[in-house]
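Inspection log for the structure reproduced underneath, given as C-alpha cells.
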Amino acid sequence: MTMRASGNAGPGRAGRRSRAELVKGILERDRDTLALSVQLDRATPGAAQPDLTMRQLLALYLLLEAPRRVGELARQLNVTISSASGLVDRLVGAGLVEREHGTADRRLVVCRLSDQGRRELEAFLQLGRLRLERVLARLSAQDLLVVQRALDLLIAAARDAIAEQRAT
C-alpha cells in the first residue's frame, strides 16, 4: 500500500515557498514523526521502553561505539564533567555501564557498556528498526527512493555542519 503525505508540495509548489516556510514545514513534520513514533510504540505488543533519559540513551550509544572517559562523554553530550559523572553513576547503578581503572595509572577511569547495557541498548535500537520497517513497508519503491535521497541529503548536510563546527 502506498501512502502519500497530505499536503505533498510536489516540485512545482516548493519553488513558490520561501526557504523559511520550507524549513518550518520540515521541523513540523519532524515533530509529527516523533509523536507518531511514540504512538507506534504504544501500539506494538511487547514494546518495552527503557526507563532512561534521552541523555542516558545517548551516553549508552556513545559507549556502544567505544569505551570513553567521563570527560570525553561530557564533551560529546555537551554537559559538565560533574553532570556526566552523575549520569554514569546512575548507569553503573542500573548495571548498564562498568567503570574500569587503568592498569598503569589507577586515576584513569574508562566507562564501557556492561553486557546487560549492550543487550538493552541493542534491543532498544532493534525496536526502532522494526518500527521504521513497519512504516517503510507501506511505501512504494519509488517513494523509498525519495526517502533515501532525502536522508542522503540530510546526512551530507549534517557531516558538513560538523566539519565546519570542528574547523572553528
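The values are calculated or read from the model by the stated rules, or taken from the named source; none is laboratory data. Note that this is a predicted model, so its numbers are computed, not measured. Here the Cβ is made from the backbone with ideal geometry for all residues, glycine too, and neighbour counts use every protein chain on show.
Below are the figures for this structure:
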| item | result |
| --- | --- |
| Scope the range 112-162; condition of a type in the set (Gly, Ala, Ser) and either surrounded by fewer than 11 Cβ atoms within 10 Å (Cβ to Cβ) or under 21 Å from the mean Cα position of the chain (by Cα) (or both); matching residues | Ser114, Gly117, Ala123, Gly128, Ala137, Ala141, Ala150, Ala156, Ala157, Ala158, Ala161 |
| Subset of the range 95-115 [in contact with a Leu (Cβ under 8 Å, 6 or more places away or on another chain) and at pLDDT 95 or above] | Leu96, Val97, Glu98, Cys111, Arg112, Leu113, Ser114 |
| Qualifying residues in the range 74-111 (those that are more than 16 Å from Leu57 (Cβ to Cβ) and in contact (Cβ under 8 Å) with a residue 12 or more places away in the chain) - the one farthest from the chain's Cα centre (by Cα) | Leu108 |
